[in-house]
């Protein structure tokens, strides 16, 4: 496995679980760096800016700066900039707004309903009816809609909570069409930048001419599929959502399976530097 | 058309527009009653109880009592009772809660996660993240979900606002599954009681042995489809959403068309009593 030079790590379930670091994550990242591997962190989390994510990692004694981080909030902001939007209405938290401001967009709670405005949705734990109303009116008046990700839920200490995908559902159904059978068919976002869509990482790989990359994640349905979409190798670690018993299920029903499987980042590291 | 004895009227777009009565609606209903027609009102509106709707009609000088009214909130409450649920967690406003209480259910903001609890969703203009979280956890723990209706939007004075279907989208996407293509596929409610589903009226027609009914509505995609699903005749009035030019579109693409078309309830009335 020495052929891998660039390692891309998912965060939740690989490096930490919520606010608790995974055992030996910090020492593993340190060891890998010392052995010449280039380290990156990839996350769908849209509530924090890249700087805030780097700060969280440093809080776990993991050396990290924002240039190592690829997040769906950052990617959404970069896409909005690339598409020449000047104003964003955001269903999302401060980290997402920060990335949009850094990308040069104006963040407005009362957007103009014109072609220069874009709707950007992420996770917002203060989501309310008034936001939904403004976002929906933007879509229905023809504005473009960028979703950071469509994760239906995310794990929290006492269970699971609605994710960015759940909130997007309110917009998608509100803008939906009634089929001839009377069923409401959702209207999906114009752009979804997060995993498993390869857009989150494909430009980065291209711009940096990276070919020998390994993607490390904890979910077969999202992370392994993401690596497959990017045509790079994947390692599954069993320290998060997916269990060993899930592997055969996804192989059979989804035709995807990880290239490597490890119990955790510590075992992966041992393997890589051996 | 004298063969019709029972007339079922949609409300918004037929009898009133928001808080404004349609011209000659009150005198038309009076005339029809005097000529022996039995009058009923049918609405997907889930924010008001039947009593509150009757009161609104009386405010427009239309004689109405709650027994003439079939609403999606009432139907949802009756279904919850029929299915033997004892406790409801409600994403909805006071009218829906009132109907559930009248049907003998307990309405709880902190439901027990057991088989006796049901999630009931309607329109709630105070919708927030915490409600979504509880509703989603109920679905994911196996509770049944009754939706009053899946109307994506509804008309308000300054445009259109998210409807019960939009809010349901947040639950449907939160409980959704990621397909092998990485798309989030919604999980629909276990029961949808509102139009165009025939459930809203089919029991009523059966119990009262009503065969010669005419349904009067303003939307081809919902009202005319609803009548078709019930196998009763439909009259479209052009005082609400659907325009004359929509008729050929829906005939071609949806294979539905109204049996009769009138400019408004006044013209329908003239035709019926002539």
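The values are calculated or read from the model by the stated rules, or taken from the named source; none is laboratory data. All values derive from a computational prediction rather than experimental measurement. For neighbour counting, all protein chains shown are included, and Cβ atoms are generated from backbone atoms with ideal geometry for every residue, glycine included.
For residues in region A:134-143 being at the interface with another protein chain (Cβ under 10 Å from one of its Cβ atoms) and in contact with a helix residue (DSSP H, G or I) (Cβ under 9 Å, 6 or more places away or on another chain), which is nearest to residue A:91 (Cα to Cα)?
If we take residues in region A:134-143 being at the interface with another protein chain (Cβ under 10 Å from one of its Cβ atoms) and in contact with a helix residue (DSSP H, G or I) (Cβ under 9 Å, 6 or more places away or on another chain), then A:135 is nearest to residue A:91 (Cα to Cα).
For region A:221-234, enumerate the residues that are within 17 Å of residue A:43 (Cβ to Cβ) and in a helix (DSSP H, G or I).
Of everything in region A:221-234, those that are within 17 Å of residue A:43 (Cβ to Cβ) and in a helix (DSSP H, G or I) turn out to be A:221, A:222, A:223, A:224, A:225, A:226, A:227, A:229, A:230.
Of all residues being more than 8 Å from chain A (Cβ to nearest Cβ) and at pLDDT below 95 in region B:144-166, which is farthest from residue A:195 (Cα to Cα)? Just the residue, please.
At the first step, the residues of region B:144-166 found to be more than 8 Å from chain A (Cβ to nearest Cβ) are B:144-149, B:151, B:154-158, B:164.
Going one step further and asking which of them are at pLDDT below 95, we end up with B:151, B:154-158.
Working: B:151: 31, B:154: 34, B:155: 36, B:156: 37, B:157: 40, B:158: 38 Å.
Top of the filtered list is B:157.
Which residues, taken from region B:187-221, are within 14 Å of chain A (Cβ to nearest Cβ) and in contact (Cβ under 8 Å) with a residue 60 or more places away in the chain?
B:189, B:191, B:193, B:194, B:195, B:199, B:200, B:201, B:217, B:219
Tally the residues that are within 14 Å of the chain's Cα centre (by Cα) and assigned to a strand (DSSP E or B), restricting the search to region A:141-154.
Filtering region A:141-154 for residues within 14 Å of the chain's Cα centre (by Cα) gives A:146-154.
Now restrict to residues that are assigned to a strand (DSSP E or B): A:146-147, A:153-154.
The number of residues fulfilling the criteria is 4.
Kindly provide the set of residues from region B:247-274 that are assigned to a helix (DSSP H, G or I), crowded, with 16+ Cβ neighbours inside 10 Å and over 20 Å from the mean Cα position of the chain (by Cα), ordered by number.
Initial filter on region B:247-274 (assigned to a helix (DSSP H, G or I)): B:247-253, B:265-273.
Within this subset, residues satisfying the condition of being crowded, with 16+ Cβ neighbours inside 10 Å are B:247, B:250, B:265-269, B:272.
Listed by number, the residues that qualify are B:247, B:250, B:266, B:267, B:268, B:269, B:272.
Scanning for something closer than 22 Å to residue A:133 by Cβ and touching a residue at least 12 places away in the same chain (Cβ under 8 Å), does region B:97-114 turn up at least one residue? First the steps, then the outcome.
Taking region B:97-114 first, the residues closer than 22 Å to residue A:133 by Cβ are none.
No, because not a single residue in region B:97-114 is closer than 22 Å to residue A:133 by Cβ and touching a residue at least 12 places away in the same chain (Cβ under 8 Å).
Name the residue, out of B:265, B:241, B:247, B:273, that is more than 27 Å from residue B:83 (Cα to Cα), more than 9 Å from chain A (Cβ to nearest Cβ) and without any contact (Cβ under 8 Å) to a residue 40 or more places away in the chain. Please lay out each step first, then the result.
Values: B:265 fails: without any contact (Cβ under 8 Å) to a residue 40 or more places away in the chain; B:241 fails: without any contact (Cβ under 8 Å) to a residue 40 or more places away in the chain; B:273 fails: without any contact (Cβ under 8 Å) to a residue 40 or more places away in the chain.
Of B:265, B:241, B:247, B:273, the one residue that is more than 27 Å from residue B:83 (Cα to Cα), more than 9 Å from chain A (Cβ to nearest Cβ) and without any contact (Cβ under 8 Å) to a residue 40 or more places away in the chain is B:247.
Go through region A:181-218 and report how many residues are part of a loop (DSSP other than H, G, I, E, B), touching a strand residue (DSSP E or B) at 6+ places or on another chain (Cβ under 7 Å) and surrounded by 19 or more Cβ atoms within 10 Å (Cβ to Cβ).
3
Among the residues of region B:220-239, count how many are more than 14 Å from residue B:5 (Cα to Cα) and surrounded by fewer than 24 Cβ atoms within 10 Å (Cβ to Cβ).
9
In region B:114-133, what residues are assigned to a loop (DSSP other than H, G, I, E, B) and more than 10 Å from chain A (Cβ to nearest Cβ)?
So in region B:114-133, the residues assigned to a loop (DSSP other than H, G, I, E, B) come out as B:114-116, B:122-127.
Passing the criteria: B:114, B:115, B:116, B:122.
If you go through region B:109-161 one residue at a time, how many are crowded, with 23+ Cβ neighbours inside 10 Å and out of contact with any strand residue (DSSP E or B) (no Cβ under 8 Å at 6 or more places or on another chain)?
Within region B:109-161, residues that are crowded, with 23+ Cβ neighbours inside 10 Å and out of contact with any strand residue (DSSP E or B) (no Cβ under 8 Å at 6 or more places or on another chain) number 1.
How many of the residues making up region A:167-180 are farther than 16 Å from residue A:72 by Cα, at the interface with another protein chain (Cβ under 7 Å from one of its Cβ atoms) and in a helix (DSSP H, G or I)?
Number of matching residues: 5.
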